[in-house]
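First up is the structure itself, then whatever we jot down about it.
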Amino acid sequence: MKDFWKNKNVLVTGINGFVGGNIAKKLSELNANIFGLLRNNSKKSLLFFEKIDEKATLIKGNILDKDLLTRIITEEKIDIIFHFAAQVEVGVSLINPYTTYETNIKGTYSILEAVNTSKNKVKAIIFSSSDKSYGAYPKKLMPYKESYDLRPNYPYEVSKACADFIAQSYSKAPFNLPIVICRFSNIYGPGQLNFSALIPDLIKSYYGYSSFRPRSDGSQIRDYIFINDVVDLYLIIAQSLFRNKKKFSGEIFNCGNKKRISVKKIVQNIYIKDKKRFSKIVNLMKNKKTQGEIEFQFMDYKKVKSFFNWHPKFDLRTGLKITAKWYKNFFEHSKFY
C-alpha cells in the first residue's frame with residue numbers, strides 16, 4: 001500500500017473533522033500529497049493537535065463553492081478524493097435542517113459536478129454516506145444490507161440519503177465518475193472532538209471535564225467500529241477503485257463489526273472501574289426518550305470481506321482503551337481544555 005500512495009495527489013474534504021483528520025494522518029505516513037478544504041480557521045481538531053496540518057496543503061473555502069473546487073481539482077491535478085465534509089450532528093439537524101441540507105446535499109453535488117466539469121480526470125472518489133441513510137428497519141431485518149431501500153425520516157438521515165442517491169447517479173451514465181459509496185456504522189476513536197457523540201461525551205465526563213447528560217434510556221442498539229479499521233478500509237477501497245474503475249465504480253459497501261451493543265453497555269464499558277458513577281448515569285437514563293434517533297442500527301461486513309478479504313482488527317474493549325488514553329493526553333495537553 002505504501003508505494004501506491006507515494007506522491008498521489010489526494011483531496012480530503014472535511015479534513016478538519018474526525019475521519020478526515022485520521023485519513024490525512026495515515027496518508028502523510030504513506031507520503032501522499034494531501035490537499036484539504038477548510039471552512040474556518042478553528043484549530044480545535046486532530047489535524048492541528050497532532051500537527052498533521054504541517055504535512056498538508058490547506059485551502060480555506062466552502063464545500064458549496066463549485067468554482068473553487070473545480071480550480072483545486074484542476075490546478076492540483078487531484079488523483080483521489082475523499083468526501084467527508086458534512087454536518088454530522090443529529091441534534092443540530094433537528095434545530096437547523098436548512099444548514100444540514102445545504103452542507104450534506106449541495107456540498108455533495110458541488111464536489112461531484114466540479115469533478116465532472118474539470119479538465120483533470122480524477123481516478124477515484126470515495127463518498128462517505130452513513131448507516132443513518134437506511135432509516136428505521138425492524139430489528140428482525142437487521143443487519144442492514146446494501147440491497148435495502150433507503151427510508152429516511154429525520155433531517156440528518158434525509159440529507160445523507162439524498163447525497164447517497166446523488167453519488168450513485170454520478171457513478172452512472174452519462175457521467176460515469178469513479179465513485180464508491182461507503183455506509184459505515186458508528187465510528188469512534190482518537191480525534192473525535194464532537195462531544196455530542198456518545199463515546200467522546202462519556203470519556204470527557206469520566207475524566208471530570210464535563211457532566212454526562214443522557215439523551216436516551218440507553219436501550220438503543222448499535223455497532224461501533226474503531227477509526228483505525230475505518231481508515232484501513234477506506235484506503236483499500238480507494239486504491240482498488242483507482243486501479244479498476246470498471247469493477248468497483250458504483251459499488252456500495254456497508255461496514256460494521258458484527259457486535260451489537262446497547263448504549264447502556266457502552267456506558268458500562270467506559271465506567272467499568274466506577275460502578276457508583278455508572279449507577280448514577282443509569283438512574284438518569286430512566287424514562288429518557290430522544291427524538292430523531294433510530295432504535296436499532298447495525299451492519300455486518302460480509303460484502304467488503306468478499307471483495308477485499310477485510311475484517312476489523314480492533315475489538316471494542318481494545319479500541320476504547322486506546323481511545324481513552326488518547327483523550328487523557330488531549331485533555332492534559334491541549335490548549336482547548
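Rule-based calculations on the coordinates, nothing more; no lab input. Source: prediction; values computed, not measured. Glycine also receives a Cβ, built like all others from the backbone with ideal geometry; neighbour counts cover every protein chain displayed.
Which of the three applies to region 206-337, rounded, prolate or oblate, going by the alpha-carbon gyration tensor with a ≥ b ≥ c and a/c under 1.5 meaning rounded?
Judged from the Cα gyration tensor, region 206-337 comes out prolate (a/c at least 1.5, a/b above b/c).
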Among the aspartates and glutamates, which have Cα under 16 Å from the Cα of LYS245 when same-chain residues fewer than 8 positions away are ignored? ASP79
Spelling it out for GLY36: with amide H atoms placed in the peptide plane at 1.01 Å from N, the residues 5 or more places away or on another chain with amide H under 5 Å from its amide H are VAL12, THR57, LEU58, ILE59
Surpassing 21 Å at the alpha-carbon level, of the pairs LYS273/LYS328; LYS145/LYS305; LYS145/LYS264; LYS6/LYS305; LYS275/LYS321, are LYS145/LYS264; LYS6/LYS305
For the chain, what does the relative contact order come out to in percent, with C-alpha contacts under 8 Å and a separation of six or more? 17 percent
Which of the pairs LYS106/LYS160; LYS44/LYS335; LYS2/LYS77; LYS132/LYS246; LYS259/LYS302 have their Cα atoms more than 18 Å apart in this structure? LYS2/LYS77; LYS132/LYS246
Considering the options SER169, ILE225, VAL267, tell which one lies farthest towards the positive end of the dipole of the chain, charges being +1 on Lys and Arg and -1 on Asp and Glu at the Cβ, about the Cα centre. VAL267
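In terms of the Cα gyration tensor, with a ≥ b ≥ c the square roots of its eigenvalues, is region 283-329 rounded because a/c is under 1.5, prolate because a/b exceeds b/c, or oblate? Show your work: numbers first, answer last.
Values: a/c = 3.51, a/b = 1.31, b/c = 2.68.
Because a/c hits 1.5 or more and a/b fails to exceed b/c, region 283-329 counts as oblate.
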How large is ³J(HN,Hα) for each residue in region 249-258, as worked out from phi by the Karplus curve 6.51 cos²θ - 1.76 cosθ + 1.60 (θ = phi - 60°), to whole Hz, x for Gly and Pro? 4, x, 6, 10, 10, 8, 7, x, 10, 6
Mind listing the long-range amide H neighbours of ILE225? Cut-off is under 5 Å, sequence gap 5 or more, other chains count too, H placed in the peptide plane at 1.01 Å from N. ASN186, ILE187, TYR188
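With a 10 Å Cβ neighbour count serving as the proxy for reagent exposure, in which order, fewest first, do ASP217, ASP164 appear? Don't skip to the end; give the middle numbers.
Working: ASP217 17, ASP164 24.
The order, fewest Cβ neighbours first, is ASP217, ASP164.
With n ≥ 4 as the cut-off for DSSP H runs, can you work out [θ] at 222 nm for the chain, using -39500 (n - 2.57) per run divided by the number of residues, rounded to the nearest 500? Walk me through the intermediate numbers first.
Values: 15 runs with 142 residues, N = 337.
Taking each H run of at least 4 residues, the total per residue is -12000 deg cm²/dmol.
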A correct fewest-to-most ranking of TYR156, TYR206 by other Cβ atoms within 10 Å would be TYR206, TYR156
Using alpha carbon centers only, region 195-268 is separated from region 94-126 by a whole-angstrom value of 23 Å
